[in-house]
Amino acid sequence: PVPSQASSDGFLQCLREKLPSELVFEQGSSSFTTVLVSSIRNPKFFTNTTVRPLCIVTPTDATHVQAAVRCGRWHGVRLRVRSGGHDYEGLSYRSARFEVFGVVDLAKLRTVSVDRFESTAWVDSGATVGELYYTIAKNNPRLGFPSGVCSTIGVGGHFSGGAIGMMMRKHGLSIDKVIDAKLVNANGDLLDRAGMGEDLFWAIRGGGGESFGIVLSWKVQLVHVPSIVTVFNIGKALDQGTVEILTKWQEVGPSVTDDLTIRVIVQRDQALFQALFLGTCRLLAVTMRSKFPELNMTTADCHSMTWLESAAFINSGNTDVEALLSRNTSLSTFTKNKSDYVRTAISKLDWSNIISWFEMNAAGMIILEPHGGFMGTVPAAATPYPHRNGVLFNIQYIVFWQGDGTATTTWLANFYELMGKHVSNNTREAYVNYRDLDIGQNVVVGDVSTFDGGKVWGEQYFMSNFERLASVKAAVDPTDYFRNEQSIPPLLQGQ
Ligand code: FDA
């Protein structure tokens, strides 16, 4: 049942008693909107009709998180957790349905501690990926970490869904390098890997945010990076043999040396081939000449730099590493995202049809991210992220707009429908971190999300790992306290 006024009053009273007052922002407080909006990126989820939280708690310590969970449980008020606020559907700070809930915002818990001798780090969920990269490289420029491209993504949500990026072909997803974690469960207990057990530790590494508790920090194994890496950005006009180049890229991108990742961004009249090579310009040019001559890459295309500079460069086009520490977000542009995976190469003819769609909508974009390499060596059940061996690349669809977005979102829906026949569609695979509520939402019966309702979207994100995730959920949170529109439902006896 929706918590009554009485239970939400009791919840707020409990927070007032258990937490320092400066860490709790109730709806009526003067700073509430500033705190709420601090990491919102999409104006779609900041309107007069958005279902907003009753309050926002901004913990500075694990005990504050534990107290917030206990107050929520005692008074029947759910909590949503926000780290970087980049959720494509805004589920960390708004509800798609009417609901009374509180938000635990982890932005103040953002320490990164690097152990140079062990080559490991503990990173708090409220840190951004940019802060993580910066702190690692400032400790030791020969160490790095495989994670996402955008520097403001929060570690908490990002790692919860897997985290793909420019080094995944060499080192895998962020979750492949997580070796311990600290989590507050639905009883308010603080658990590390040994305390939570291997099933729950498996589930939090890729099973999607919110479902299993609040992950406070992650211990990660760092990776070695060369002192100099090489980056290129080569743009090809869509009418300049790009169809042939894209067709060839599908073969090269996933199979070339795992030191090289070439992703492709298609927008308007251009395909941009963007690469990170963990080696020198000379070796890259030799590799490109022999494996991918169609792109005509030469040493003149090389930008040589440190790995940290490459993280800044690929994100923003310049090597200002201090910019990786900026947490600024803007509320100016509306977006909608979807995703697919491709396991069988798309034909030349189909590519010509696909790229013709970009003439119709200048605000549409796809990003193609090659898998293969290390990704193909990890069994599909090793972590909840199932899109491993056999995946050539994934597709992220993005549309941007200002003002009325009807035309552009209709374009996206039609384009996605057309793409259905070109992508992996036995189960139409999707990436949980590119969250998309159009593929399904939980069905709640008797105040618990149903397994069958969850399967609709859950098997797209997790394929055959969905059932194991639902079993773990039943073991650790059978009453479905940690819930949102796409949280893992508990697989209860008899279902
Ligand atoms: P946010 O705080 O909104 O949380 C996302 C989800 O996780 C919510 O359901 C939330 O409740 C839950 N959650 C958050 N913190 C948690 C915690 N500590 N414990 C448990 N649950 C928690 N992805 C990618 O793989 N590679 C990339 O390169 C990019 N690039 C990119 C660019 C931009 C501009 C955006 C907006 C997004 C991406 N993404 C991405 C997608 C990104 O990985 C995804 O949105 C993450 O969930 C964001 O994590 P945040 O902590 O920022 O989000």
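The values are calculated or read from the model by the stated rules, or taken from the named source; none is laboratory data. Small disclaimer: the values here were computed from a predicted structure and weren't measured. Glycine gets a Cβ as well: all are built from the backbone with ideal geometry, and neighbour counts include every protein chain shown.
Listed values, structure above:
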read-out	value
The one condition in (1) more than 12 Å from the ligand (Cβ to nearest atom); (2) modelled with pLDDT of 95 or more; (3) assigned to a loop (DSSP other than H, G, I, E, B) that ASN48 fails to fulfil	(2)
Any hit, the stretch 433-453, residues being of a type in the set (Ser, Thr, Tyr), touching a residue at least 24 places away in the same chain (Cβ under 8 Å) and closer than 24 Å to ALA186 by Cα	yes
Helices (runs of 4 or more DSSP H) fully within the stretch 129-227 counting 2 or more residues that are near the ligand (Cβ under 9 Å from one of its atoms) and either more than 21 Å from ALA470 (Cα to Cα) or of a type outside the set (D, E, K, R) (or both)	155-161
Test set (1) more than 15 Å from the ligand (Cβ to nearest atom); (2) of a type outside the set (Asp, Glu); (3) crowded, with 18+ Cβ neighbours inside 10 Å - GLY126 fails condition number	(1)
Residue identified as in contact (Cβ under 8 Å) with a residue 12 or more places away in the chain, among the polar types (S, T, N, Q) and more than 27 Å from ASP447 (Cβ to Cβ) among THR60, THR33	THR60
Per-region count, the stretch 372-398, residues assigned to a loop (DSSP other than H, G, I, E, B), within 22 Å of ASP436 (Cβ to Cβ) and over 16 Å from the mean Cα position of the chain (by Cα)	4
Breaking point among (1) assigned to a helix (DSSP H, G or I); (2) touching a residue at least 24 places away in the same chain (Cβ under 8 Å); (3) not aliphatic (A, V, I, L, M), for SER356	(2)
Selection count, the stretch 359-371, where residues are modelled with pLDDT of 95 or more and either in a helix (DSSP H, G or I) or out of contact with any Phe, Trp or Tyr (no Cβ under 8 Å at 6 or more places or on another chain) (or both)	1
Unique residue being modelled with pLDDT of 95 or more, buried (at least 19 other Cβ atoms within 10 Å of the Cβ), in contact with a strand residue (DSSP E or B) (Cβ under 7 Å, 6 or more places away or on another chain) and farther than 28 Å from VAL432 by Cα when the list is LEU79, LEU23, LEU36, LEU19	LEU19
Count of residues meeting criterion [more than 16 Å from the ligand (Cβ to nearest atom), closer than 23 Å to ARG70 by Cβ and either outside any helix (DSSP H, G or I) or not polar (S, T, N, Q) (or both)] in the stretch 17-40	12
Tally, over the stretch 65-78, of residues that are within 18 Å of SER21 (Cα to Cα) and touching a helix residue (DSSP H, G or I) at 6+ places or on another chain (Cβ under 6 Å)	2
The stretch 53-69 - residue that is of a type outside the set (A, V, I, L, M) and crowded, with 18+ Cβ neighbours inside 10 Å and, of those, farthest from the ligand (Cβ to nearest atom)	CYS55
